Amino acid sequence: MTTTLLIEQLLNGIGYGLMLFLLAAGLTLVFGIMDVMNLAHGSLFMGGAYVAAHVHTRTGSFAGAVLVAIGVIVLLALVLEALLVRRLYGRDHLSQVLATFGLILVADDAVKMIWGPSPIMAPTPVALSGPLQLLPDLPYPSYRVVILVAGVLVALALYLLVNHTRLGMLVRAGASNRPMAELMGVRVGRVFSLLFVLGAALAALAGALMGPLTAVQIGMGEDILIPSLVVLVIGGIGSIRGAFVAAMLVGLVDTLGRAFVPMALRPFLSPTLVSDLAPAIAGVAVYALMAGVLAFKPAGLFPARG
């Protein structure tokens with residue numbers, strides 16, 4: 001293991017963690033603050049990836065594709081919130097899980113109907129296809145650098161929005177005591193609708209940015225939803241700061257595990273066994289991290305309440 005390889009994998013882990021944060025931040029807003037368990041959040045991520053890949057292929061403009069993807073998913077989220085999610089406020093979590101799981105099935109079939117069952121290509125922007133020389137012996141993909149910068153900027157903007165704006169104050173008031181907030185003149189319903197749309201926009205942004213790095217295919221939303229829920233639990237439900245810290249931890253543990261566990265096992269096991277065992281160990285490491293955190297802090301690292 002060289003220092004260059006270690007730095008490269010650390011950057012990859014941070015980039016993956018930032019994309020997890022964009023998805024987990026939407027989850028923690030919707031679940032932690034609105035108390036709505038939205039399993040279809042990953043489907044919004046998938047929709048953003050598909051729309052961005054399609055528009056980018058047709059127009060050649062990656063920035064335009066990202067904006068179109070966010071716009072389409074925001075409009076879809078407005079419809080979903082008005083027709084379905086609004087009816088789930090105050091319902092038990094089982095009802096919410098069943099309703100949003102149904103949305104996953106509908107979304108997967110809708111994508112299959114529009115784009116077909118096969119994965120589609122999400123090309124890397126031509127201007128960002130080359131490497132960027134971060135260090136004398138460390139060329140790093142320009143597109144991954146853009147993801148790092150975009151993730152940090154969005155995380156900072158979201159933190160300022162929730163913690164240092166009037167909207168953030170109204171959100172916290174509605175989450176803490178909705179009847180009292182409504183008596184004070186806060187239109188909590190509108191605030192919650194805006195939160196749901198904001199979470200959808202973050203999911204669409206993450207999907208659009210991750211498209212060129214992963215396969216854009218049916219079910220990709222469910223694949224990333226599970227680590228996002230792990231981030232939610234580790235960080236503390238309803239906490240933006242917790243979601244950020246937990247996403248960094250999960251991203252680094254997952255990426256470093258997949259990169260270095262095979263190297264650690266190779267001297268002792270056959271190549272076939274290493275190829276089968278190493279991914280399983282790397283995957284288990286994330287859940288071991290969650291179990292370790294919950295053993296000492298059952299409410300997560302930075303719980304929003306209590």
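The values are calculated or read from the model by the stated rules, or taken from the named source; none is laboratory data. It should be emphasised that the depicted structure is a prediction, and the values quoted were computed from it without experimental measurement. Cβ atoms come from the backbone with ideal geometry, glycine included; neighbour counts cover every protein chain shown. We work out accessible area using only protein heavy atoms, side chains counted, and drop any ligands, DNA or RNA first. Shrake-Rupley method; radii C 1.70, N 1.55, O 1.52, S 1.80 Å.
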Reduced to Cα centres, the span from the range 231-306 to the range 104-136 in Å works out to 25
Descending packing, highest mean Cβ count within 10 Å first, for 144-155, 227-238, 81-92 is 227-238, 144-155, 81-92
Each label sits 7 Å from Cα toward the beta-carbon; between SER95 and VAL79 the label points are separated, in nm, by 2.4
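For the chain, give the percent of accessible area contributed by carbon and sulfur heavy atoms, probe 1.4 Å, rounded to a whole number.
Percent of accessible area from carbon and sulfur atoms in the chain: 71.
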Under the Karplus relation with 6.51, -1.76 and 1.60 and θ = phi - 60°, whole-Hz ³J(HN,Hα) for the range 241-248, x at Gly and Pro, equal 4, x, 4, 5, 4, 5, 5, 4
The simple spin-label model distance between ASP109 and ARG86, using points 7 Å out along Cα→Cβ, in nm, is 2.5
Mean accessible area per residue over the chain (1.4 angstrom probe, all protein chains present, square angstrom) is 48
For the chain, longest principal axis from Cα atoms; helix 41-59 axis from its Cα atoms; angle between them, nearest 10 degrees, is 70
Among (i) 22.4; (ii) 19.7; (iii) 20.2, the value of Kirkwood radius over Cα pairs in Å computed for this structure carries the label (iii)
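Going by average Cβ density within 10 Å per residue, which order do the peptides 58-69, 273-284, 242-253 take, highest to lowest? Mind dumping the intermediate values first?
Working: 58-69: 16.8, 273-284: 14.8, 242-253: 24.6.
Going by the mean number of other Cβ atoms within 10 Å, highest first, we get 242-253, 58-69, 273-284.
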To the nearest 0.05, the calculated FRET efficiency linking ILE226 and SER275 through their beta-carbon distance, R0 being 22 Å, is 0.50
If unit charges are put on Cβ atoms (+1 for Lys and Arg, -1 for Asp and Glu) and the dipole of the range 1-94 is taken about its Cα centre, the option from MET34, ILE14, THR4 lying farthest towards the positive end turns out to be MET34
Dividing the helical contributions, -39500 (n - 2.57) per DSSP H run of n ≥ 4, by the residues of the chain yields a 222 nm value, nearest 500 deg cm²/dmol, of -24500 deg cm²/dmol
With every protein chain in place, the accessible area of ASP254 for a 1.4 Å probe, in Å² rounded to the nearest 10, comes to 20
